[in-house]
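Structure first, then comments.
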Amino acid sequence: MLMGTYSHSLDDKGRLIIPKTIREELGEGFVITRNPDHCLSVYPKEAWQQLIASMETLPKISSEPARRIRRFYFGNSSSPEPDKQGRVLIPQDLRNYAGLIKDVTLVGVDDHAEIWDQETWTKYNEEADLSDIAYNIDGINL
């Protein structure tokens, strides 16, 4: 299970140090892709395969929304290899999408991690009011 919040900085080449605890949970290979919340999602290979399997149930040609969702995830994905220091290169187009310039926050979110611009993450948390949401989700016990 991926959890915790980690603050890091991108280096001048756009590389990010993935903390050892997160790297261990992600395993040998992982995929970085866009997230609809304008951050990046980092999926371990197993969770990525589950995402792919869920998309297999979508119509391939006849549904314009299904084509869009495939393009959103598959067309904007990268499978980087960490170097010896645990750094991975975040492609420029993904950095642009998530507004990643220097300071970032890596967040464990159960089956995946998310990479946020640090200022955006702080603002998101300040504005989040889960009281209305949490009590209206069936099956959640808080």
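The values are calculated or read from the model by the stated rules, or taken from the named source; none is laboratory data. Since we're looking at a predicted model, the values are computed, not measured. A quick note on method: Cβ atoms are made from the backbone with ideal geometry, for glycine too, and the neighbour counts reach across all protein chains shown.
Numerical summary
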read-out: Close pairs (9 angstrom Cβ cut-off, 6 or more residues apart or separate chains): more than 11 Å from R15 (Cβ to Cβ) and of a type in the set (A, V, I, L, M, F, W, C) in the range 86-98, at pLDDT 95 or above and in a helix (DSSP H, G or I) anywhere; value: A98/T120
read-out: Residue check, T105 in contact with a Phe, Trp or Tyr (Cβ under 6 Å, 6 or more places away or on another chain), surrounded by 16 or more Cβ atoms within 10 Å (Cβ to Cβ) and farther than 16 Å from L26 by Cα; value: yes
read-out: Filtered residues of the range 6-42 (kept if within 27 Å of I69 (Cβ to Cβ), hydroxyl-bearing (S, T, Y) and in contact with an Asp or Glu (Cβ under 7 Å, 6 or more places away or on another chain)); value: S41
read-out: Flag if T105 is closer than 15 Å to L10 by Cα, touching a helix residue (DSSP H, G or I) at 6+ places or on another chain (Cβ under 6 Å) and either among the polar types (S, T, N, Q) or in contact (Cβ under 8 Å) with a residue 40 or more places away in the chain (or both); value: yes
read-out: Candidates L16, L40, filtered to the one that is in contact (Cβ under 8 Å) with a residue 24 or more places away in the chain, touching a His at 6+ places or on another chain (Cβ under 9 Å) and surrounded by 14 or more Cβ atoms within 10 Å (Cβ to Cβ); value: L16
read-out: Selection from the range 49-73 of residues that are touching a helix residue (DSSP H, G or I) at 6+ places or on another chain (Cβ under 9 Å) and either touching a residue at least 12 places away in the same chain (Cβ under 8 Å) or surrounded by 13 or more Cβ atoms within 10 Å (Cβ to Cβ) (or both); value: L51, I52, M55, L58, A66, I69, R70, Y73
read-out: All positions within the range 19-37 that are surrounded by 18 or more Cβ atoms within 10 Å (Cβ to Cβ) and either closer than 11 Å to L2 by Cα or touching a Pro at 6+ places or on another chain (Cβ under 6 Å) (or both); value: I22, E25, L26, F30
read-out: Every residue from the range 11-32 that is more than 15 Å from D110 (Cβ to Cβ) and either of a type in the set (A, V, I, L, M) or modelled with pLDDT of 95 or more (or both); value: D11, D12, K13, G14, R15, L16, I17, I18, V31, I32
